[in-house]
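Novice: Let me begin by handing over the structure; questions about it come next.
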Amino acid sequence: MKRRKLDVKQLPAKAAGELDDRFQLASPLRKVLTKVFPDHWSFLLGEIALFSFIVLLLTGTFLALFFDPSMTEVHYEGAYAPLRGIEMSKAYESSLNLSFDVRGGLILRQMHHWAALLFMAAIVVHMGRTFFTGAFRKPRETNWLIGVLLFWLGFAEGFIGYSLPDDALSGTGLRIAGGIAESIPLVGSWVSFALFGGEFPGDSVIPMFYILHVFLLPGLLLALIGVHVGLVFIQKHTQWPGPKRTEHNVIGYRMFPNYVSKQGGFFMLVFAVIALMAGLFQINPIWMFGPYRAEVVSAGSQPDFYVMFLDGIVRLFPAWEIRAFGFTVPAVFWPGIVGMGLFTMLPLMYPFLERRFTKDKAHHNLLQRPRDVPARAGVGAMALAFFIICTLSGANDIIADKFNISLNAMTWGGRIGLLVVPPLAYLMTYRICLGLQQHDREVLAHGVETGIIKRDADGRFYEVHQPLAQPDEHGHTSLEYNGWTVPKKMNRLGALAPTLKGFFKPIEQPAPKPEADGEDGEVGDGEKREEITAGK
Amino acid sequence: MSTEVPAGEGKKDEQAEPLDVLDPNVTRFELVKEALRRDGVEILHYEPRFPVPGTKEEKRVVRTISFFFVLSGLAALGFIVAYIWWPWEYEFGGADTWSKWYTPVLGALLGIALGGIGIGILTWSKKLLPVEELMQERHDGASDPVERRLTGATLVHIGDETGVARRPMLKRALLFGAAPLGLAALMPIGGLIKDPGDALFTTGFNPKFNGGNPVRLMREDGTLIRPEEISVGGQITVFPAIPGGATLKHADSPTLLIHLREPDAEEARNNAYEMNKGSQWENLIAYSKICTHVGCPASLYEQQTNRLLCPCHQSQFHITNNATPIFGPATRALPQLPISVDEEGYLYATSDYKVAIGPAFWERERK
Amino acid sequence: MARFIAALAFVGATYTAFSPGIYADEPTDSALTLDEQRGKEIFDQSCISCHGPDAQGVEDRGPSLIGVGSAAVEFQVNTGRMPMARQEAQALRKPPMFTPEQAAFLGAYIQAIGGGPEVPEDVDLDNLEGADVANGGTLFRVNCSSCHAFSTGGGALSSGKFAPDLHPASAVEIYQAMLSGPQNMPVFADNQLTPDQKRDLIAYIKYIQDDQAQGGWDLGAFGPSTEGLAIFLVGIVALALATLWIAGKS
């Protein structure tokens, strides 16, 4: 009995020994265990996308068990009464069965769709973080490129997934995609025929999209995500400037146990949010749209949000068709093909463009606060404004209807907004960045505003400032800005009692009140008071 | 682990001599520190969260974490029970129908189960794991110049060994061999390529689908249409009365048949393009339902203003003026279907559309 | 009251709500019944300023009501669209001015002097049992969803006009609207959509309205736009807060 117990205790060590005998693991394993990761909330945004992708793989596998990607016409005989007896494709029928006749099928379908939206939303947010902090600079341009490609792959994968159920809404989306494909000069009609295996809608697009959706694109996504994460691992994560942090080190906690436990917990939270949303919010009620038929459309037909900017710009682009020598370049070619090409190429080229303009060829491992690079922040704000206006215009009929605005006014508003708002966003962001910079420098030079107003002998009022270091004879401090938060409130300097931790009741004892120190007996009196009067 | 570690400021002690790793008296934490040192990691700050084990505070944290784990387990059990026993089959009903709550109940329980584990692990990580701040060197940037030189020389040497540079004939021959092979590998994709032919220029109303005879109009249920069956100020979606005319086989054929009021019909007749002259039958006018922008069904007919709105991109067409676009991104008028009434009193298309319907494409005027 | 009449006159100047004269019959000369007489009294008091004596219409104010039929009158009056309150892109549904009984009198009067479409008496709209919901769905998707949206929640039309939400409309009102084509809605007379088809259609509308959303809250049933909003406002916000908590110092 005793001996056996001992054996069990020794078992892990023994197994480890056996493994190391064969694979020589000790030192590579230790390097992984003790790898240091920097810690900041904004570094976790990309993980939302990563974890959503895992949920997508899990739920997608379940859906694939029941989905039949066939365009054969059948009569629906399932549980949903308003569609019974209606002719529809097998793809639509199996999607309906998945929602109504498979136990728990609906929640997995909804999880899959919400996870897809979360995947794309997280990519957008993560991309913004990377952009505004300059994390894409050398040596990380490759990962920026992969990230942009991941957005577009996700875009394609999502759009194809939205098309698969073959309901009236997704068919409308396909029709539009077909129309955009047809607009390509010279080969448009050939491209469209290749896509649909004949004239729209043909009978092969769903099976073809299916193999793209479940094999080719997920494979590519998985491979690129692997490289993306692998490069972060190899190149080590960027970090914010701060005490002791330099371009040549990384300060944080070890991969094990700290980093991994946080990642594991966060994965569970992402999964939980997807599950909650999938249970509580209906998404894409395909049974309301009915089977796709060429003559059927619903008011307020929109793509999912990540395609909406394309739909929006297609709505806004004026009717400028080029007809010459008997050939036509349709208007939709410009926003639909050229526009999307620009939206792909400009982000891909951005790191190199910026390098050209700033002539900055150095390695960068420290992030920049957006305010410190006003031009980049401005460009980012400009791009964001453009994206948001396009996206809102993609829903402009819903907005028009629900907020009682004229549809035509919405279109014109979008057209004008697209030209006017992005430059304004650039200018405003630029000025705001300069303002924030100036404020930082001011606080460093003069100290923190205390809120204490003093009146001097000749009746002047002034606010007392708490300098951040010993001031010189002019009351100025010569602190250098180090690219990180400058304390701007007194409690940041510890002048006020720190907030007690705990949500409903304090989980720590308040610090003992400082004994009335000495003569006048006032709490907190002493050196601090004296210092305050020094500033001005 | 944390409790075994002697409490203290983790400021790295300057070690005068390297630690004797194999010395049995060395503590485990000293070994860990040595490992970190060898991996280029410096401890800036290290302290166990609870230096004194078993305090009230620590027990409280442990209880909190346990609570979340247990909550998670209960919710997961609830999920299993609900999954199996909650009524799930679809039935019509209001909010008091049990089966309507199947998905929300599953979602909520699964969310709590997953969230409970997540919050538990994160609380564990935040409240129980030691507070640590470590500094690791990055060693990024280019490789060591010596390494670079050695590897570069090796690469060039390998290139020399193959002798490609010295034997240009081989280079050309290989290129000639590989390029067609690469193209050949692409050929199977060619199976997808289909000649559009005249498919984009014809619709189901083309007499070729009806043995050369003009095609009648029908409803989606296959019934033929008499002119008096459309209300004044009304509209109806019609299809070519051929086999499969209302199916996706002829997705280019849905047509909007509108019964205009007398003055509007007159206006439409007067405005008609040369091509569209005589296409109306009395006050009935038929336009392709497929938008000329990107192909949505443009079907929001406003019978007072005689505008037709496409719900996808808000193009608006003027029905009494050849359905020319008057707003939005569409550039071309909706093609008009020439219609008449045959001797049996049914509506039919006197010919196919005279221009290609639907979205524009490169060669659309080359017919 | 004076202000109200003035508003009516102002509105009438730009408003043409009814399809004029579609079903124009010879005005009947026979004496009005009691109900029709009551309708005439209401008409002469409240409608005459725009629609003119004997509902012949007043130029630039209000259209002739000859031939619009009782269906149109009852629909417009019972949904509060008539009398109009002020000038708008289109008449809005509001609490009705008249009781259903008064509306019936008005309808009877207009029917008597001009004829026009009426809701057939043999259609049972109170009890939609037995209607073919699936057929109704097909008809709804072909004829209605392009304006009123898949969820019957309504949608935008050109230049500020809109197709209204169908939720507040009763079965009879939907029937009357199809018959009369109020405002910019196309007419679906009984020769185009048979009474049975209309009943199927109404049954479908009522079915999907009364059926509790499957799979959680439908977010207003606006399609992907509110779903996109939700993923940012709920999903991203919740997880961004989580990242703040995870990375926060403790």
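Every read-out reported here was derived from the displayed coordinates using simple, explicitly stated rules and does not represent laboratory data. This structure is a prediction, so every number in the text was calculated from the model and none was measured. Note: ideal-geometry Cβ built from the backbone for every residue, glycine included; neighbour counts use all protein chains shown.
Novice: Over chain A, what is the relative contact order in whole percent, taking alpha-carbon pairs under 8 Å and six or more residues apart?
Specialist: Here the relative contact order equals 15 percent.
Novice: In degrees, nearest 10, range 0 to 90: what is the angle between the Cα axis of helix A:407-446 and the longest Cα principal axis of chain A?
Specialist: Taking the Cα atoms of chain A, the angle to A:407-446 is about 20 degrees.
Novice: Let me ask something else. List the residues of the stretch B:95-137 whose backbone N lies under 19 Å from a point placed 7 Å from the Cα of B:SER66 along the Cα-to-Cβ direction.
Specialist: Counting backbone N atoms under 19 Å from the label point, the list is B:116-129.
Novice: Taking other Cβ within 10 Å of each residue's Cβ, how do A:PHE23, A:PHE200, A:PHE327, A:PHE131 sort, fewest first?
Specialist: Going from least to most buried by this count: A:PHE23, A:PHE327, A:PHE131, A:PHE200.
Novice: Considering all projection directions equally, how large on average is the shadow of the alpha-carbon convex hull of chain A, in square nanometres?
Specialist: The number I arrive at for chain A is 41.3 nm².
Novice: How long is the gain from A:ILE54 to A:ALA81 if the chain were fully straight, where each residue apart is worth 0.36 nm and the alpha carbon distance is subtracted?
Specialist: My answer for the length gained is 6.2 nm.
Novice: Also, I was wondering about something else. Set the Förster distance to 45 Å, then compute FRET efficiency between C:GLU101 and C:GLU59 from the Cβ-Cβ distance, nearest 0.05.
Specialist: For R0 = 45 Å, the calculated efficiency reads 0.90.
Novice: What is the gain in length, in nm to one decimal, between A:PHE357 and A:LYS244 on full extension, counting 0.36 nm per residue of separation less the C-alpha to C-alpha distance?
Specialist: Between A:PHE357 and A:LYS244, full extension yields an extra 37.7 nm.
Novice: Could I ask something else about it? May I ask you to derive the relative contact order of the stretch C:133-214, considering only C-alpha pairs under 8 Å and at least 6 residues apart, and to give it as an integer percent?
Specialist: Once normalised by length, the contact order is 38 percent.
Novice: Each label point is 7 Å from the Cα along the Cα-to-Cβ direction; what then is the distance between the points at A:ILE405 and A:LEU424, in nm?
Specialist: 1.2 nm
Novice: Sorting B:VAL215, C:VAL73, A:VAL8, B:VAL70 on the 10 Å Cβ count, fewest up front, what's the list?
Specialist: A:VAL8, B:VAL70, B:VAL215, C:VAL73
Novice: Any idea what % of Cα-Cα pairs in the stretch B:56-136 are farther than 19 Å?
Specialist: 53 percent
Novice: Counting DSSP beta bridges with both partners in the protein assembly as shown, what percentage is antiparallel, nearest 5?
Specialist: 95 percent
Novice: Give, to the nearest whole percent, the P(r) tail of the stretch C:34-118 beyond 19 angstrom, counting all Cα pairs.
Specialist: Summing the P(r) of the stretch C:34-118 above 19 Å gives 29 percent of all pairs.
Novice: Over chain C, consider all pairs of different Cα atoms and compute the Kirkwood hydrodynamic radius from their mean reciprocal separation; express it in Å, one decimal.
Specialist: So the Kirkwood estimate lands at 20.2 Å.
Novice: Something else about it: Would you mind checking the tilt of helix A:105-132 against the longest principal axis of the Cα atoms of chain A, expressed as 0 to 90 degrees and rounded to 10?
Specialist: Roughly 50 degrees, rounded to the nearest 10.
Novice: How large is log10 of I(q)/I(0) for the protein assembly as shown at q = 0.05, 0.08 Å⁻¹ when the intensity is taken from the Debye formula with one equal scatterer per alpha-carbon?
Specialist: Result of the Debye calculation: -0.46, -1.01.
Novice: On a 0 to 90° scale, report how tilted helix B:168-186 is relative to the longest principal axis of chain B, with both axes built from alpha carbons and the result rounded to the nearest 10.
Specialist: Helix B:168-186 and the main axis of chain B meet at about 60 degrees.
Novice: When N is the residue count of the stretch B:207-366, what does its C-alpha Rg come to as a fraction of 2.2 N^0.38 Å?
Specialist: 0.96
Novice: Taking 0.36 nm per residue of sequence separation and subtracting the Cα-Cα distance, how much length would be gained by fully extending the chain between B:ASP144 and B:LEU44, in nm to one decimal?
Specialist: 33.2 nm
Novice: Mind sorting A:VAL464, A:VAL332 by how few other Cβ atoms lie within 10 Å of their own Cβ, fewest first?
Specialist: Ranked by crowding around the Cβ, least crowded first: A:VAL464, A:VAL332.
Novice: Need one word for the stretch C:133-214: rounded, prolate or oblate. Basis is the Cα gyration tensor (sqrt eigenvalues a ≥ b ≥ c); a/c below 1.5 gives rounded, then a/b vs b/c decides.
Specialist: It comes out oblate by the Cα gyration axes.
Novice: Taking chain B on its own, what percent of its Cα-Cα pair distances exceed 25 Å?
Specialist: 75 percent
Novice: Mind giving me the nanometre distance, one decimal, between the label points for B:THR247 and A:ILE416, set 7 Å out from Cα along Cα→Cβ?
Specialist: In this crude label model, B:THR247 to A:ILE416 measures out at 5.1 nm.
Novice: Taking the Cα centre of the protein assembly as shown as origin, work out the dipole magnitude from +1 charges on Lys and Arg Cβ and -1 charges on Asp and Glu Cβ, in debye rounded to 20.
Specialist: The dipole magnitude comes to about 4960 debye.
Novice: Also, I was wondering about something else. Longest segment of chain C with no trypsin sites (Lys or Arg not before Pro) in a DSSP loop having at most 11 other Cβ atoms within 10 Å?
Specialist: That would be C:87-248.
Novice: Can you tell me the relative contact order of the stretch C:34-118? Whole percent, Cα pairs under 8 Å, sequence separation 6 or more.
Specialist: Computed value for the stretch C:34-118: 41 percent relative contact order.
Novice: On to the next question. Given only helices, namely DSSP H runs of n ≥ 4 each adding -39500 (n - 2.57), what is the per-residue ellipticity at 222 nm of chain A, to the nearest 500 deg cm²/dmol?
Specialist: -18500 deg cm²/dmol
Novice: A follow-up question, please. So what is log10(I(q)/I(0)) for the stretch A:34-293 at q = 0.11 1/Å, when the Debye sum runs over its Cα atoms only?
Specialist: Once normalised to I(0) and log-transformed, intensities are -0.70.
Novice: Moving on to the next point. Step through the table entries A:LYS35/B:LYS126; A:LYS488/C:LYS249; A:LYS244/A:LYS454; A:LYS262/B:LYS33, compare each Cα-Cα distance with 26 Å, and write down the pairs that go over it.
Specialist: Too far apart for the 26 Å limit: A:LYS244/A:LYS454.
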